[in-house]
Amino acid sequence: MELAAKACPFLRNSTPSALRSLSQKPKTAMASNGLVHMAQQCPVMGKAMTIQARSAMMTGCPVSSGARHFSASAAKAKPAKSQVLGYASTATSNDLKASVQHELHKANPAPGAACPFKPVIPASHAVPTAGKPFDYEQVYEAELHKKHQDKSYRFFNNINRLAQQFPRAHTAKAEDEVTVWCSNDYLGMSKNPVVIETMKETLSKYGAGAGGTRNIAGNGAMHLALEDELAALHHKPAALVFSSCYVANDATLSTLAQKLPNCVILSDAMNHASMIQGIKHSGAKKMIFRHNDTAHLEELLKTLDPSIPKIIAFETVYSMSGTIGKVNDICRLAKKYGAITFLDEVHAVGMYGPHGAGVAEHLDFAGNLNRPQNSPVQTVMDQVDIISGTLGKAFGVVGGYIAGSAAMVDMIRSYAPGFIFTTSLPPAIVAGATASIQYLRNSPHERIAQQTNTRTLKAELAALDIPVVPNPSHIVPVLVGDAEVCKAASDELLRSHGIYVQSINYPTVPRGEERLRITPTPGHTDEMMGHLIRSLESVWQRNGLKRTSQWKATGGRAGVVEGAVDPAPIWTEAQLGLSASVLGHHKVATDAAPQNTQTSQAAAQL
């Protein structure tokens with residue numbers, strides 16, 4: 001009954017529990033229950049049901065069969081709305097569907113026109129009625145109803161990535177294959193043979209689980225080796241691994257600010273939810289500066305007493321817009337005003353820098369190319385006090401971490417509940433993560449291929465006037481600007497073109513800035529790229545979606561505005577041109593090799 005639900009505002013706007021309640025009301029002389037009684041009064045559904053009843057009489061079926069089927073599944077426990085009006089037989093369903101289609105075609109009603117009913121919406125139970133038990137389910141339904149009403153309800157697609165064929169995947173049916181264009185497995189490291197074989201060997205030797213928290217049986221040599229690898233990657237004295245980077249950000253920021261007396265946290269307006277949550281949990285005073293606006297940040301810093309501890313929390317790659325944080329400028333301000341910096345490199349580690357340490361490393365590309373551990377030479381990366389990162393995106397596994405001074409890391413290890421009371425990552429996971437980091441520290445090929453594919457895709461979409469939010473990173477956010485339309489575009493790409501790109505809506509992005517977030521990988525072929533571009537053009541044409549020129553003509557949004565200039569990619573042409581013979585020969589996974597002549601010559605040109 002998807003058609004009925006789309007056509008009928010009463011069905012569309014009432015919650016499943018409300019419809020179920022109606023279906024359970026006692027029958028009347030003319031209807032099997034309250035829901036059927038209301039349907040019979042509907043100018044469209046009523047006619048369709050009358051036609052169905054006549055058809056049933058002529059075929060020898062009971063006259064009331066359509067009415068019974070109309071509400072049969074509404075009596076079941078917790079049905080989805082699409083199931084509330086389910087039918088018992090294919091024949092009945094098809095007949096009634098045809099009847100409804102016929103009536104809709106004749107009436108051609110405007111949305112909501114001629115509907116005699118108001119949707120049944122659960123009342124708030126914030127204040128319980130005296131003497132009555134609190135209705136928990138009604139509250140759950142009311143909250144979900146809000147999400148459906150503002151079109152921010154999230155639908156999860158059944159996508160099963162195929163290790164040997166990624167970025168190919170299959171949907172709920174194994175035979176239905178699609179191409180994934182929105183994965184955070186940016187470099188395809190989840191299928192890397194070195195990573196997989198390492199994990200298989202470790203799994204066979206040490207088993208599936210960690211055995212407990214790090215304090216209780218969950219601390220092994222592989223956990224320590226991973227933390228050493230991460231500390232070396234970022235040229236920091238120490239690192240600490242968490243179950244995820246959401247936990248790492250939350251636990252570190254909340255614990256750190258609690259331990260620093262009268263601490264104030266200055267947070268970029270576009271920071272990730274994990275950082276926002278950590279700031280809230282800290283109980284510390286917070287000040288929010290406009291995204292990437294260092295002038296505004298300095299205004300706020302000037303209002304604070306120099307003696308008060310301050311944390312500036314920001315990111316390098318902002319994952320939904322693709323913008324890059326102003327690391328140099330913010331570190332300079334931190335030093336000037338006596339603050340420390342907390343830098344989230346989650347969407348940058350593995351992706352930027354000569355060895356994949358992130359944007360902070362990339363900003364001194366030449367200086368970090370052959371830099372040995374404990375080098376006295378200071379780079380941008382050394383100016384950052386605390387770096388957080390993930391093992392679950394470009395590194396292709398799962399987990400999160402922080403890196404910084406030995407005392408800071410040890411304090412977080414000793415006090416953060418999010419670290420202390422969580423079962424540690426399994427040995428196979430940490431071994432795979434270590435192998436992935438070591439591989440990417442030595443191999444530039446995946447990073448270069450990903451950046452090349454990103455440049456190609458952005459250029460092709462620009463030529464078609466398809467709006468891409470301007471940015472210098474590997475993220476390709478295609479602006480749609482409406483939650484419902486964005487979801488429909490995503491569904492059409494999946495259903496009609498075999499392409500999976502998830503729609504992004506509020507609260508991940510502001511309302512009115514909904515988008516399709518595309519992330520090319522090294523595994524996307526020219527053929528796949530061509531198919532994606534043709535499919536996007538088809539969806540834009542078929543649905544009349546706004547083009548870049550149209551956004552600009554109407555004032556613009558999300559950076560797609562008149563006069564906007566696409567920022568230069570953070571990867572320069574010279575850096576992309578580095579061959580395997582240059583970067584590939586400089587092995588750093590176990591020990592630093594002496595600088596070779598080819599590398600020196602290339603570095604001098606960067």
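Go through the stretch 380-398 and give me each residue that's surrounded by fewer than 24 Cβ atoms within 10 Å (Cβ to Cβ) and over 23 Å from TYR337 (Cα atoms).
Correct list: GLY392, VAL398.
For SER405, work out the one condition from (1) farther than 27 Å from TYR318 by Cβ; (2) surrounded by fewer than 18 Cβ atoms within 10 Å (Cβ to Cβ); (3) touching a strand residue (DSSP E or B) at 6+ places or on another chain (Cβ under 9 Å) it doesn't fulfil.
Failing condition for SER405: (1).
Among all residue pairs at least 6 apart or on different chains, which show Cβ distances below 9 Å where the first residue, located in the stretch 550-574, is touching a residue at least 60 places away in the same chain (Cβ under 8 Å) and aromatic (Phe, Trp, Tyr) and the second is surrounded by 14 or more Cβ atoms within 10 Å (Cβ to Cβ) and part of a strand (DSSP E or B)?
Cβ pairs passing all conditions: TRP551/LEU479; TRP551/ARG557; TRP551/VAL560.
Which of the helices (runs of 4 or more DSSP H) contained wholly in the stretch 168-283 include at least 3 residues that are within 24 Å of the chain's Cα centre (by Cα)?
245-259, 273-282
I'm checking my understanding of the structure. Among residues of the stretch 131-146 that are open to solvent by 80 Å² or more (accessible area, probe 1.4 Å) and more than 27 Å from the chain's Cα centre (by Cα), which one is modelled with the lowest pLDDT?
GLY131
Taking the condition of being out of contact with any strand residue (DSSP E or B) (no Cβ under 9 Å at 6 or more places or on another chain) and not charged (D, E, K, R), how many residues in the stretch 309-336 meet it?
Total meeting the criteria: 1.
Assuming LYS326 fulfils every condition listed in (1) within 15 Å of GLN383 (Cβ to Cβ); (2) open to solvent by less than 30 Å² (accessible area, probe 1.4 Å); (3) within 28 Å of the chain's Cα centre (by Cα) apart from one, which condition is it?
Here LYS326 clears every test but (2).
What number of residues in the stretch 347-361 are touching a helix residue (DSSP H, G or I) at 6+ places or on another chain (Cβ under 8 Å) and open to solvent by 10 Å² or more (accessible area, probe 1.4 Å)?
1
Exactly one condition in (1) in contact with a His (Cβ under 6 Å, 6 or more places away or on another chain); (2) over 30 Å from THR572 (Cβ atoms) is not met by SER414; state its number.
(1)
Return a yes/no flag: does the stretch 323-330 have any residue that is touching a residue at least 40 places away in the same chain (Cβ under 8 Å), out of contact with any Leu (no Cβ under 8 Å at 6 or more places or on another chain) and not charged (D, E, K, R).
Yes; the residues of the stretch 323-330 include at least one that is touching a residue at least 40 places away in the same chain (Cβ under 8 Å), out of contact with any Leu (no Cβ under 8 Å at 6 or more places or on another chain) and not charged (D, E, K, R).
So, in the stretch 510-537, of the ones that are closer than 18 Å to ALA459 by Cβ and among the small types (Gly, Ala, Ser), which residue ends up least open to solvent (accessible area, probe 1.4 Å)?
Of everything passing the filter in the stretch 510-537, SER535 is least open to solvent (accessible area, probe 1.4 Å).
Does ASN374 fit the bill of being open to solvent by less than 10 Å² (accessible area, probe 1.4 Å) and more than 29 Å from the chain's Cα centre (by Cα)?
no
So is ILE265 open to solvent by 40 Å² or more (accessible area, probe 1.4 Å) and at pLDDT 95 or above or not?
It is false that ILE265 is open to solvent by 40 Å² or more (accessible area, probe 1.4 Å) and at pLDDT 95 or above.
Step by step: first the residues of the stretch 468-509, then only those that are under 14 Å from the mean Cα position of the chain (by Cα) and outside any strand (DSSP E or B), then the one that is surrounded by the fewest Cβ atoms within 10 Å (Cβ to Cβ). Which residue is that?
PRO507
For the stretch 187-199, indicate whether the set of residues that are of a type outside the set (Gly, Ala, Ser), farther than 30 Å from ASP526 by Cα and at pLDDT 95 or above is non-empty.
Yes, because at least one residue in the stretch 187-199 is of a type outside the set (Gly, Ala, Ser), farther than 30 Å from ASP526 by Cα and at pLDDT 95 or above.
The values are calculated or read from the model by the stated rules, or taken from the named source; none is laboratory data. Predicted model, so just to flag it, every value in this text is computed and none were measured. Heads up, the Cβs are rebuilt from the backbone with ideal geometry, glycines too, and the neighbour counts pull from every protein chain shown. The area values use the complete protein model at the heavy-atom level, side chains included, leaving out ligands, DNA and RNA. Shrake-Rupley method; radii C 1.70, N 1.55, O 1.52, S 1.80 Å.
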